[in-house]
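K.L.:
Here you go, one structure.
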Amino acid sequence: AAQKAVELLDSIENSNVQPNQYNHGKNRGLTHIEPDEISYNTTISALANASKNCSSGVHLAVDAENLMTRMKKRGIEPSSYTFNSVMLAWGRSSGGLQSAQRAEALLRSMANPTIVSWTTVMNAYALADSARKVESLLNELEQQATEQNDHHLCNSIVLYNTVLHSLGRSSDDDAPTRSEALLQRLERGSSY
């Protein structure tokens, strides 16, 4: 399905249909077809979904990121949804630590990353058995929340569940202790 979506987007991008080229039948008045943000996001999302548990996941993540580049070249500004989908493709790509780092690089390039952006990158590191990096990202986000006095920035149970999930998957010997410490902190009502 993802490959078909890419082929369709390619054909739309390369469409040579000009205004009034067809003057009969159902194509009367057909104008030039241009891909839009939805066209790109749908295709990128299809690649992200296909990259999960796929032997060519890294290639699909590269394709997703290349589509975002093509999007920019056409003057279409990627949204947080676009970035999140590309980061998801990297996170699901089975590319390990390098893929998680690529997802983080995209996060760092965003003007205003969302909680979904942060948790997507955290999940990428969790899948790469990098629980300490996940905790580091949480600490960074909590620090930003404190500095900006933005209590809503870290007000997401998904964010903390992601950290707990990464600790649960971790091969670190002290991961259970760190998990317990985070849970106790949350129970005290002190998320950051």
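The values are calculated or read from the model by the stated rules, or taken from the named source; none is laboratory data. Because the structure is a prediction, the values reported are computed rather than measured. Glycine gets a Cβ as well: all are built from the backbone with ideal geometry, and neighbour counts include every protein chain shown. Side chains are part of the model used for accessible areas, which takes the heavy atoms of the whole protein and leaves out ligands, DNA and RNA. Shrake-Rupley method; radii C 1.70, N 1.55, O 1.52, S 1.80 Å.
K.L.:
Which translational diffusion coefficient, to the nearest whole µm²/s, is obtained for the chain from the Stokes-Einstein equation, given a Kirkwood hydrodynamic radius over C-alpha pairs, 20 °C and 1.002 mPa s?
P.N.:
117 µm²/s
K.L.:
Now a separate question. For the modelled label position 7 Å from the Cα of Ile12 along Cα-to-Cβ, which residues of the range 39-71 have backbone nitrogen atoms closer than 13 Å?
P.N.:
39-46, 71
K.L.:
Using bins 10 angstrom wide from zero, how does P(r) for the range 23-135 break down, in % of all Cα pairs?
P.N.:
The distribution over the range 23-135 is 16, 43, 25, 9, 6, 2, 0, given as percents.
K.L.:
I've got another one for you. Could you work out [θ]222 nm for the chain from helices alone, using -39500 (n - 2.57) per DSSP H run of at least four and dividing by all its residues? Round to the nearest 500 deg cm²/dmol.
P.N.:
The helix contribution divided over the chain gives -21000 deg cm²/dmol.
K.L.:
Let me ask something else. Find the accessible area per residue for the chain; the probe is 1.4 Å, ligands and nucleic acids are left out, and the unit is Å².
P.N.:
55 Å²
K.L.:
Could you work out what % of the accessible surface of the chain is carbon and sulfur, using a 1.4 angstrom probe and leaving DNA, RNA and ligands out of the count?
P.N.:
Looking at the chain in its full context, I get 49 percent from C and S.
K.L.:
Roughly speaking, what % of Cα-Cα pairs in the range 95-192 are separated by over 18 Å, rounded to a whole number?
P.N.:
Result: 43 percent of Cα pairs exceed 18 Å.
K.L.:
Another question, if that's okay. So how far apart, in nm, are the two label points at Asp36 and Ser171 if each is 7 Å from Cα heading toward Cβ?
P.N.:
About 4.8 nm, to one decimal.
K.L.:
Additional query: Excluding ligands and nucleic acids, what accessible area in Å² is computed for Lys133 using a 1.4 Å probe, to the nearest 10?
P.N.:
Roll a 1.4 Å probe over it and Lys133 shows about 60 Å².
K.L.:
Suppose the chain between Lys4 and Ser56 were pulled fully straight at 0.36 nm per residue; how much longer would it get relative to their current alpha carbon spacing?
P.N.:
17.1 nm
K.L.:
Then there's this: Place the peptides 138-151, 119-132, 159-172 in order of packing, highest mean first, counting for every residue the other Cβ atoms within 10 Å and averaging per peptide.
P.N.:
By packing density, highest mean first, the sequence is 119-132, 159-172, 138-151.
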